[in-house]
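Readers should treat all values here as calculations from the given coordinates under stated rules, not as data from a laboratory. Computed from a predicted structure; not experimentally measured. Methodologically, a virtual Cβ is constructed for each residue, glycine included, from the backbone with ideal geometry; neighbour enumeration extends over all protein chains shown.
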């Protein structure tokens, strides 16, 4: 469960992973990938970054179901909201 | 009435306080859930308006994604030092935790300085909040994020001043559990803002 | 996990004598904060009633001078209706039901010494106080308070050219609302954390009183629904003060967005208000029927299901707004579906009364009155939630009568019931029964005198938000109904005199209340009236559910949740 000794290497690894993912997203723009491909890469990289931060820095790895509920409920709610707004806002013109 | 085992993740025996939660952490997660709705709603609306405006077209082409990438890197590093501060606090090494924390806060300040230069450049080039709907969203979204970051910096500096040699052991570790949680959340928000406002409009 | 803070011992510095300011004004005690909320809510409530008195007079006798106010001009009329709605929903219902009752009762009912974050709790009250003051100040700024309706629809509320001269009124409305939301969010963080993590030993989630459940679900609903509207408020403030065009069609944006964001919050919001109100009724009914609540778990699941469904119904407010008609049918279906969990709750409450030994004391009268009118409000919601009939009824007085029949029974009538029921616990004194019953009769009869005619006006095609109804011929036959409604309002206002007398006289002169005057089971009655600092002499151990009344084989007809070890508290 809870680590007792101080280990910097885990945090450094997480940081390295984040920087690599940042480069992936940035390169998709810098290399001028076709727009639709670039968008996939960018958002996949962003989601991966959020996952890494959530899992390792925010400790979701060792949390219980209540905290998961609190973290995911708003995400689901916001997605529902966005989907319902598609016909009115996104397909407006 | 028979007690069901459907406790929401709560280890429970009849004669002890039925909780294993640290209050501050739980409260912070509730707060972050509300915050997720604020930023999530804003980003959702931004995406939908973006679709209806054909991906923002030339409006979004002038955003300075290189500065944004540098700022992302800075935030990632600030989270690294925050995590290291948590690690130091866990082994009750307050002086080292304070050094890491000051790095976190100063990196936050650096982010704000770069952001200020970026805003100034945008204004100089005529991209004010009134320039286009994209730029209105840009300022509201990044501005709200800047306010959150500012609050985080103030709290971290406050925490550093409150830690003295006489602070009880474990105090800083407990506080950092939720202060850092907030800091990481602000970072997650930035990750999505960076993808949405900087990378996506300039891609392709 | 490490460091669970044991809460069995009172904190060391708590029993120090505190000065007047720390004890009553800048208090961190949830009981004092709850009372502060109650006083704020009552004050704002009577401000809201006064506003309704002025515009109802104008509706009944258009163009005549209103006593105390004078002639009502058209901008004043819109200012009055806007501020009546805003104050009543955001600055009365929420402070009273969440702020006052939630704050006062949640720690007591779950057996905690205080809220999880007492200072955050204090900040929450002072935040909403600032919001209330700003909203009241907006009456006196140039151009008066907001005229844009309590829903503040764009583009009317968006750019100053649409409502010239209402610049600061509209801005202050938005700022006050944002502050109010921040305050309730702070409260919600406390409610959730306290009810989840600070329950007394033995208080499992299936032994929590229904009021706590309802507050819990209401807090989750608020937390999940308000975010997008906070974003919307910021965007609208930018539109008004900076000149952006987030909601303006001429700048390439969409005015429907505001309606979506408002109702995405607004519909869960009415349940945020309704659920604690129903929770109060569900606490009062078993006590005065001396019977266990019917279907405790069923009610809990109904509340949770209603909470989930409440996020899927919001566009039923927008059937005539010009939104994409594709959305109309699904939203009609979900709206009809959400009546099922509420019907479950209502039938459970009615079944609780069946063969009970009912005492018609004042709290019970208010609870029954609330139940009856909430039923009427719920049933009339179905024709409004069905898009075919809503197209006729939309924006008529039928809508007004419907939502007053849902919000007033829960927020006001049940709220009054809660005041009468928990007054002994709050102030340590009993209220006068005769004055209380007088208050009930005037309030409840007056309320129905106002809103039954409004249903009829709406069915007759009477549109809302019309300042001078006398200029329309179609309104002529409906006008007498407006007169009846206004007389009903005057009856309500007269009925508040016995309440105010009762409330303030009982606070100082009432008979001393025993610890458990109603012979109720829940934990708040297991401690002194009023509870001591830190609530309990020793944290009680909970041994049973909250509603075990008239259990066969027991010598008394109630069975307190707490094991009888609390030597410090006198048993009622």
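Remarks
- Computed packing ranks the peptides A:72-84, C:140-152, C:59-71 as C:140-152, A:72-84, C:59-71, most packed first, by mean other Cβ atoms within 10 Å.
- The angle separating the long axis of helix C:256-289 from the principal Cα axis of greatest extent in chain C is about 40 degrees.
- Across peptide B:69-77, the average count of Cβ atoms from other chains found within 10 Å of a residue's Cβ is 4.
- Shielding value for A:46-54 is 5, the average number of Cβ atoms from other chains within 10 Å of each residue's Cβ.
- Relative to the longest principal axis of the Cα atoms of chain C, the long axis of helix C:296-309 makes an angle of roughly 30 degrees.
- Computed [θ] at 222 nm, helices only, for chain B once each DSSP H run of length n ≥ 4 contributes -39500 (n - 2.57): -24500 deg cm²/dmol
- Rounded, prolate or oblate (a/c below 1.5 giving rounded, otherwise prolate when a/b exceeds b/c) for the stretch A:1-62 by Cα gyration tensor: oblate
- Taken residue by residue and averaged, Cβ atoms of other chains lying within 10 Å of the Cβ of C:256-265 number 3.
- Inter-site label distance for residue B:96 and residue C:26 at 7 Å from Cα along Cβ, in nm: 3.9 nm
- Mean Cβ count within 10 Å, highest first, over the residues of peptides C:321-333, C:293-305, C:519-531: C:519-531, C:293-305, C:321-333
- Calculated mean residue ellipticity at 222 nm for chain C: -19500 deg cm²/dmol, from DSSP H runs with n ≥ 4 weighted as -39500 (n - 2.57), summed, divided by the residue count and rounded to 500.
- Computed FRET value (nearest 0.05) for residue A:80 with residue C:388, which takes r as the C-beta separation and R₀ as 25 Å: 0.50
- Label-point separation in nm, residue A:9 to residue B:166, each point 7 Å along Cα→Cβ: 4.1 nm
- Separation of alpha-carbon centers, the stretch C:382-396 and the stretch C:33-79, rounded to whole Å: 28 Å
- Prolate/oblate/rounded call for chain B, Cα gyration tensor, a/c under 1.5 rounded: oblate
- Considering helices alone, the calculated mean residue ellipticity of chain A at 222 nm is -23000 deg cm²/dmol, with DSSP H runs of length four and up weighted by -39500 (n - 2.57) and normalised per residue.
- Each peptide in C:22-35, C:214-227, C:112-125 gets a packing score, the mean of other Cβ atoms within 10 Å over its residues, and the list from highest to lowest is C:214-227, C:112-125, C:22-35.
- Calculated FRET value between residue A:31 and residue C:320, using beta carbons and R₀ = 41 Å, to 0.05: 0.25
- Gyration tensor (alpha-carbon) shape descriptor, the protein assembly as shown, a/c threshold 1.5: oblate
- Degrees between helix C:74-86 axis and first principal axis of chain C (Cα, 0 to 90, nearest 10): 30 degrees
- Distance between the stretch C:479-535 and the stretch C:227-295 - C-alpha centres, whole angstrom: 28 Å
- Of interest is the spacing of the C-alpha centroids, which for the stretch B:168-182 and the stretch B:135-156 amounts to 23 Å.
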